[in-house]
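Participant: Here it is: the structure, laid out below.
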Amino acid sequence: MSNTLPAGITGNHPQEIHMQRKYQIRSLLALIAEVVVAEIKEAGGQLTRTEIRERLDLKRESYPKGSKTQGEKDWLTSILIRQLEDEGRIERVEGTQHSYRLRRST
C-alpha cells in the first residue's frame, strides 16, 4: 500500500488527518480487491462467491461480541464483489446467482 496522499493533503490539520485515514481505508480495500482479482485469475477467470470467501478466508462476524443480533458472515466478500463490479472489473455470470468472472478488459 502506498503512503502517498492525494495532492494537497498533508495530514497536519485535524480534518486532513480524518481525510488521511479515510484514504488509507480505501487504499486497503483496493489492495484487498486486487487479491480477489488475482485469485479469480488463478482459478481460470471465474469463481462463485462461496469459493472466493473460502479460498481467501473472508468469512467474518459483522457484529460485536455479546450482541443479540446475529448477522451475515459474508459482508466482507459482498463489499469486495460490489467494489469490483462498480469498477467494471468483474461481472456476474448470466444464469447464476453467485458466480462471478473477470471482465474481458481485466
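Participant: With a 10 Å Cβ neighbour count serving as the proxy for reagent exposure, in which order, fewest first, do Tyr63, Tyr100 appear?
Facilitator: Tyr63, Tyr100
Participant: Straight-line reach from Lys73: which lysines fall under 20 Å, measuring Cα to Cα and dropping same-chain residues less than 8 apart?
Facilitator: The reachable lysines, counting only those whose Cα sits under 20 Å from Lys73, are Lys59, Lys65.
Participant: What's the exposure ranking of Thr48, Thr77, Thr96, going from fewest to most Cβ atoms within 10 Å?
Facilitator: Thr96, Thr48, Thr77
Participant: Among His13, His98, what is the fewest-to-most ranking by other Cβ atoms within 10 Å?
Facilitator: His13, His98
Each reported figure results from applying straightforward, stated rules to the coordinates on display, with no laboratory input. Because the structure is predicted, anything quoted here is derived from the model rather than measured. Every residue, glycine among them, receives a Cβ derived from its backbone with ideal geometry; neighbour counts consider all protein chains shown.
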